[in-house]
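The values are calculated or read from the model by the stated rules, or taken from the named source; none is laboratory data. What you are looking at is a predicted structure, and each value in this text was computed from that prediction instead of being measured. Cβ coordinates were reconstructed from backbone atoms using ideal geometry, including for glycine residues, and neighbour counts include every protein chain displayed. Note: areas computed on protein heavy atoms with side chains; ligands, DNA, RNA excluded. Shrake-Rupley method; radii C 1.70, N 1.55, O 1.52, S 1.80 Å.
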Amino acid sequence: MTDRPNTPPTTLVRRTAFPGSVSRAVVTPLQPSVVYASPSPDALDDQYEGRSKGFTYAREGHPNAELLAQKIDMLEGAEGGLMMGSGMAAVTAVLMGLMGQGDHVVGGDQLYGRSLRLMHQDLKRFGIATSLADPTDAQAIAAAIRPETKMILLEVVSNPTLRVADMVGIAKVAKDAGVLLVVDNTFTTPFGYRPFDHGADVVIHSVTKLLAGHSDVTLGYVSVKDPSHRKPIYDFAVTTGMTPSPYDCWLAERGLYTFPLRYDRAEANARALADHLAGLAGVSKVLYTGRADHPDHARAQSLLQGRDGNMVSFVIDGGRAEANRMIEAVPQLAFAPTLGDVGTTISHPASSSHRGLTAEGRAALGITEGFFRVSVGIEDIDLLKVDFSQALAAI
Ligand SMILES: *Cc1c(COP(=O)(O)O)cnc(C)c1O
């Protein structure tokens, strides 16, 4: 019984057509729909069998993910890339979609922390073995390969010590051994290095970082060279629910518009800041691949062709007390363990990404209490120089 007797029968929930317009929206529409209605069972058959193109359920795909993947494909020289809910979803989907019980993977020994954990602790439970080796030495990678090795997983520039992998040597090792070369290109970005141009089989991104660039979305990307590798990765991701939300993809596409501008500016700032840091009292070491004193400078020059990116690490004289004082002196710079934001962020690996290691383990990598990593942003460089002078003066 209705208590509104004069209201004609109606319903607000029945879906009505979106208002038509002969003019079109300038901005990419955000499509949050989880489900898509098909015209008929026959039409749905056609969709599922690939005879017609249509979305069905957002976990399996949606326009905002597809559009974003196409744009990252352009940057990477790829086709058919897939968006994932995070960079780690991308890493996981590749490792678990392409390997099974009895397989073995060789990883760089300074991979992103969660990638290392996945390989050591989680893959093991599923019967997939892992070896780690130093990617600056292609012979060390070659020596880790076994008959059951299925893939090599690498990052081009390591975090946070910014060592540069021997990509040329390792691509040859992978090819000769018939194993897949998987490159996590998050740090270098397609502006620094395009893995598919140099023998990679799979490219991964944490889009969360430089590509989206504003620290407001968590997303990942995967693309493959051999199309037959796409379906196992896709199916694993869809089944385990690793696929991304439309809103995050929409926001990341907006971030991506300015990626080239942000990258150029952040890189120019990083170069200038690295030189500035090297001249400050209290700084004992500066690591930037574009500087002649970087241990892998020559290799960086040939691989990155002068696109050294926005990451700078440095070491100050002193321990935890000096590290605290330095960070406290510059509250305007976010002390946060991330990278690729429009604003400069500083991280302290000993208390964050590398806190799980013993002091000796960290020392072996050169990560002391005085070690800092800077993700340089797009601020006015003169402001950044003042900030860092102030930070160093405070210790
Ligand atoms: C951050 C990062 C990841 C993980 O990405 P999320 O989006 O945080 O899941 C993987 N690899 C590298 C090199 C990263 O920097």
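Laid out as a table, the results:
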| read-out | value |
| --- | --- |
| Crossing angle, helix 63-76 versus the chain [Cα axis fit, 0-90 degrees, rounded to tens] | 40 degrees |
| Cα-based helix-to-principal-axis angle, 167-177 vs the chain, degrees rounded to 10 | 60 degrees |
| Rounded FRET efficiency, nearest 0.05, which uses the C-beta distance separating Val13 from Phe335 and R0 of 51 Å | 0.60 |
| ³J(HN,Hα) computed for each position of region 314-324 - Karplus, 6.51 cos²θ - 1.76 cosθ + 1.60, integer Hz, glycine/proline x | 8, 10, 9, 6, x, x, 4, 4, 5, 5, 4 |
| Viscosity 0.692 mPa s, 37 °C: Kirkwood-radius Stokes-Einstein D of region 41-256 over Cα pairs, µm²/s | 188 µm²/s |
| Net +/- balance of residues flanking Gln390 in space, Cβ distance below 12 Å, scoring K and R +1, D and E -1 | 0 |
| 10 Å beta-carbon shell around Gly318, net charge (K/R +1, D/E -1) | -1 |
| Sulfur and carbon atoms: percent of accessible area, region 219-279 [1.4 Å] | 59 percent |
| 0 to 90° range, to nearest 10: angle between helix 381-393 axis and the chain longest Cα axis | 50 degrees |
| Asp42-Gln70 FRET efficiency (beta carbon distance; Förster radius 25 Å; 0.05 resolution) | 0.30 |
| Listed peptides 160-169, 50-59 by packing density, highest first (mean Cβ within 10 Å) | 160-169, 50-59 |
| Pairs from Lys71/Lys231; Lys71/Lys209; Lys172/Lys231; Lys71/Lys175; Lys209/Lys231 whose Cα-Cα separation, in the structure shown, is over 22 Å | Lys172/Lys231; Lys71/Lys175; Lys209/Lys231 |
| Dipole moment magnitude, nearest 20 debye, region 299-395 about Cα centre, only Lys, Arg, Asp, Glu C-beta charged | 340 debye |
| Quarter of Cα convex hull surface for the chain, i.e. mean projection, nm² | 26.6 nm² |
| Given charges at Cβ of Lys, Arg, Asp, Glu: region 259-393 dipole, positive-most of Thr345, Ala270, Leu365 | Leu365 |
| At R0 = 41 Å, FRET efficiency that the Cβ-Cβ distance of Gln301 and Thr358 yields, to 0.05 | 0.75 |
| Cα-based Kirkwood hydrodynamic radius, region 1-111, one decimal, Å | 19.0 Å |
| Under 22 Å from Lys285, Cα to Cα: lysines that are on another chain or at least 8 residues apart | Lys385 |
| Whichever aspartates and glutamates have a C-alpha closer than 15 Å to that of Lys53, once near sequence neighbours (fewer than 8 apart) are set aside | Asp42, Asp45, Glu66 |
